[in-house]
Amino acid sequence: MSAMDVEDFIQQNRAVAEQVEAYRGYWESEKHWEARREFILRNFSDFERQQLDHLLSLSMVWANNVFLGCRYNAALLERVKEMAEGIVVVDAPVFKTRDEIMKKQQGR
C-alpha cells in the first residue's frame, strides 16, 4: 500500500480511518504518524477487534525501531519488518550501536 493507496483507503473507509486517527500519540510528528498509520492500516484487516491492542503494540515496536533506534528480540523485529514491507520512510534516522562506534574508533 503506497502513500496514495493509504489516502484512497482513508477516503473509502472513513469510519476505520477515524478510529485509527484516535491512536496517534501526541508526541508523534507528522512524519512518524504517517508511517505508523500506514503500518496500522496495512495490517488492520489481519487482526480481529479483540487483537487491536496487539496490532497497535506491533506498530509502536516498528516505529520505535525505525525512528528511535530501539532494539528488540530478533524474531519480533523480523515480524514487524515483514508487516511493514513496502512502507517508505524518507530520511529515516540511521543508528549505530556502541560496539559499531568503538570498532570504528579503534580502526583509526
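Once both axes come from the Cα atoms, what is the angle between helix 74-83 and the longest principal axis of the chain, in degrees from 0 to 90, rounded to 10? Once rounded, one gets 40 degrees. With contributions of -39500 (n - 2.57) from each DSSP H run of at least four residues, the per-residue ellipticity at 222 nm computed over the chain stands at -17500 deg cm²/dmol.
For the pair R49 and V89 in one chain, pulling the backbone fully straight at 0.36 nm per residue adds 11.7 nm over the alpha carbon distance. Solvent exposure of the range 49-99, expressed per residue, is 69 Å² of accessible area, with all protein chains present and a 1.4 angstrom probe. What's the angle, to the nearest 10 degrees (0 to 90), between helix 3-12's Cα axis and the longest principal axis of the chain? That helix lies at roughly 20 degrees to the long axis.
Mean sequence separation of contacting Cα pairs (under 8 Å, at least six apart), scaled by the length of the range 32-108, corresponds to a relative contact order of 33 percent.
Label-to-label distance, E100 versus A17, with points set 7 angstrom from Cα along the beta-carbon direction: 3.7 nm. Considering lysine pairs in the chain that are 8 or more places apart or on different chains, how many have Cα atoms under 22 Å apart? The number of close lysine pairs in the chain is 4.
Taking the C-alpha atoms only, the angle from helix 52-63 to the longest principal axis of the chain is near 40 degrees.
The values are calculated or read from the model by the stated rules, or taken from the named source; none is laboratory data. Note that the coordinates shown come from a computational prediction; the quantities given were computed from them, not determined experimentally. We place every Cβ from the backbone using ideal geometry, glycine too, and count neighbours over all the protein chains shown. Heavy atoms of the whole protein, side chains included, go into the accessibility calculation; ligands, DNA and RNA do not. Shrake-Rupley method; radii C 1.70, N 1.55, O 1.52, S 1.80 Å.
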